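The values are calculated or read from the model by the stated rules, or taken from the named source; none is laboratory data. What you see is a predicted model, and the numbers here were worked out from it, not measured in a lab. Neighbour counts are summed over all protein chains in view; Cβ atoms, including those assigned to glycine, are modelled from backbone coordinates with ideal geometry. Side chains included, ligands, DNA and RNA excluded: accessible areas come from the protein's heavy atoms. Shrake-Rupley method; radii C 1.70, N 1.55, O 1.52, S 1.80 Å.
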Amino acid sequence: MFNWLDPYSQFVGVSLLVNVLLVLSLFVAFQCGVLSLASVGFAADGAFTAALLNMKEGWSPALSIAAGALAAGLLALVFGRLILHLRGIYLALGSFALGQVCVLVIADLSFTGGNQGIIGIPTSVGLTTAAVVVVVVCALLQILHQSRTGRALRAMRLDDRVAAGVGVNTPAYRAWAFAASGVIAGLAGALGAFSTVTISPGQYDFTLLVQILAMAMIGGAYHWSGGVIAALVIGIIQQDLGQVAPLVQGLLYGGLLVVVMMLLPEGIVDRRGIRWIRGHLPGSRGTRQAIAALQSAGGQ
Amino acid sequence: MLQQTINGIALGATYALLGLGVTLIWGVLRVMNFAFGQFITWGAFGCLVAIEDGVPIWLSVLIGMAVGGLLAVVVDATVIAYMRRRRSSEFALVVATIGVSYLLSSIAQDRTDSQIRPFPSQDFPDGVINLGSVQIPELQLMSLAIAAVMMVGLALWLNTTKSGRALRTVSWSVSTAELLGVRSRSIFAIAVFISGALAAIAGICIFAETATISYSSGDALLVVAFAVIVLGGMGSVAGAVIGGLILGLAQVYTTAYISNTFSQAVGYIVILLILIVRPSGIFGSQEEQRV
């Protein structure tokens, strides 16, 4: 499918799509008001589970990736039960600690290769596979967005007491959203592991978290497409900049994060934006009204 | 064992300073400031630059504290004050301070070429006092003394002076305080400055002990600071002191008896355990928001 691209571009494409998945993992939890900073840790979890199952147990890559995603999801489900009773800032802090403990435990264990990590993972994930996975995840998110559950999740983000009051089972939805966030993060980590040959705990660091967070926040919590657009655009800009000094990277991500939070705390894709676009599409009511107004003005 | 306990108390006292810095901002401004780690790094670098320029050690420490404090005030006056006026959500504030932290850290990384620099511990007191079988480095005594002076000073300020009382009023209710004629903005600025200065002095004590500093040194201590206040209860001054001592002892014992690498994880594990078991911390009052 992507044979017209040179191998390097294909490799870059896969890492872009892995970032897209990580952003979606943050989005899934954030759309119902859970700011989860654990995704990077879950990604590490998925990556190491998948790589170890493939190299030590001889599982096929596809099966290992699925197992990696499920392992991260299970971890999120179990620990979600413990920390999801927290609110706001405490949840952010608790999930941050959870993610970091995941990475530190991996760095401390011997069968995961410690700080060196794992070298020599077969590269069996190409751009086509990654693209198919991303498209499937996006399609599922769109189905969720249009469903009753999706509306319930968005209501919880705006005010979870009101949502609970109108009959939304908020604790269960939070738990499953957190678990889904874990599955997607694990999937991202596992796909990444099978495309980069080598993984180490050090790559799942604060820098990666900041980058993903910047993309997810710019994308906003209303619709998944915001995060996807932000991840692709920022990723491509960074590719074009090439190997840049840490200062440039700091200005790009740190500066963007601050500016967006100050000026557009809802991100680029929010309800008003979508309504505005819908109102101005050709054939929509807004456009017809505008044309009618113009015609009547011209007739006078 | 006794030796380890003394090491732990000395480390815990500096951790308590970190906790006090964070708890002060949380108590007054209700902001979880992820840029706090940068106040540690930048303050300590300020001190380092001053020492390298031949400034006497006590003045260098004061310069470092001023750098940390001023940086905190600048961050607060630009980003956080603006977002407070716009009534941004708690999440937006947290994410913005994460952005500030990353920005400041990459500036420090750029200026130091990502190198680990030696921190001139020979300029600090480096003798050892023998008490029976126990050896106490003078550096540890200095850290302890600094921590004690800071804590007593902070307690006196909060409880006896007019501005200290004003600060406590503001932390209770900003609008009531303003009705009573308190200038909340200058009180905010004072609290933020002290918080940054505490970060800097704690960082200087710890880096003088380890004799190294790099652009990312403060990030590890940010986790420690958060662990201390989660342990002690957010916004509680006594909790920050006790939490700091417990964490210092826990970390020294883990390093001595379990493993060195595992001690990094102690801060995170403490945060997780306390949030799971008792989210209000040891001294925190129950808040409806947290559970």
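Each Lys and Arg contributes +1 and each Asp and Glu -1, all at the Cβ; summed about the Cα centre of the protein assembly as shown, the dipole is approximately 2480 debye. Global dimensions of segment A:7-269 from alpha-carbon coordinates: Rg and Dmax equal 17.6, 54 Å.
What is the calculated FRET efficiency for B:T212 to A:V197, with r their C-beta to C-beta distance and R₀ = 35 Å, to the nearest 0.05? Computed FRET efficiency for B:T212 and A:V197 comes out at 0.60.
Inter-part distance, segment B:148-189 to segment B:18-41, computed on C-alpha centroids, equals 16 Å. In segment B:2-215 the Cα-Cα distances spread across 10 Å bins starting at 0 as 8, 32, 32, 20, 7, 1, 0 percent of all pairs. B:S121 exposes around 30 Å² of accessible area when a 1.4 Å probe is run over every protein chain in place. Of all stretches in chain A that contain no chymotrypsin sites (Phe, Trp or Tyr not before Pro) in a DSSP loop with at most 11 other Cβ atoms within 10 Å, the longest one is A:112-300. Just checking the listed ones, B:L139, B:L20, B:L180: in the Gaussian network model of chain B with Cα springs under 10 Å, the one fluctuating most is B:L180.
Placing unit charges on the Cβ atoms of the charged side chains and taking the dipole of the protein assembly as shown about its Cα centre, the candidate lying farthest along the positive direction among A:G88, B:V73, A:N19 is A:G88.
Among complete DSSP H helices in chain A, those whose alpha-carbon atoms stretch at least 18 Å along the helix's long axis and whose mean Kyte-Doolittle hydropathy reaches -1.0 are A:7-30, A:39-57, A:61-83, A:88-108, A:127-146, A:170-196, A:206-219, A:224-241, A:285-299.
Based on C-alpha pairs under 8 angstrom that are at least 6 apart in sequence, chain A has a relative contact order of 30 percent. In segment A:172-214, the residues that give up 10 Å² or more of accessible area when the other protein chains are added, compared with the chain on its own (1.4 Å probe), are A:F206, A:T207, A:V210, A:L213. Split the accessible area of segment B:10-105 by element, probe 1.4 Å, and carbon with sulfur accounts for 69%. Of B:M32, B:M142, the residue with the largest accessible area leads and the full order is B:M142, B:M32 (1.4 Å probe). Using Cα atoms only, what is the angle between the long axis of helix B:57-75 and the major principal axis of chain B, expressed in degrees (0 to 90) to the nearest 10? Tilt relative to chain B: about 30 degrees. For peptide B:103-115, the mean count of partner chain Cβ atoms within 10 Å of a residue's Cβ comes to 4.
If r is the Cβ-Cβ distance from A:V259 to B:R30 and R0 is 22 Å, what FRET efficiency results, to the nearest 0.05? Computed FRET efficiency for A:V259 and B:R30: 0.45. Rounded to the nearest 20 debye, the dipole magnitude of segment B:2-215 is 1180 debye, with +1 charges on Lys and Arg beta carbons, -1 on Asp and Glu beta carbons, and the Cα centre as origin.
Roughly how tilted is helix B:2-29, in degrees to the nearest 10 and between 0 and 90, from the longest Cα axis of chain B? On a 0 to 90 degree scale, this one is about 20.
Note on B:L179 and B:E138: the extension gain reaches 9.9 nm, defined as 0.36 nm multiplied by sequence separation minus the Cα-Cα distance. Modelled label positions at B:R111 and A:R151, each set 7 Å beyond Cα in the direction of Cβ, lie 5.4 nm from each other.
Just to be sure I understand: with springs between alpha-carbon atoms less than 10 Å apart, which residue in A:A107, A:A230, A:A43 has the highest mean-square fluctuation in the Gaussian network model of chain A? Top of the fluctuation ranking is A:A107. Based on Cα atoms of the protein assembly as shown, Rg over Rh with Rh as the Kirkwood radius reads 1.00. Using the Cβ-Cβ distance between A:Q243 and A:W4 with R0 = 22 Å, the FRET efficiency computed as 1/(1 + (r/R0)^6) comes to roughly 0.30.
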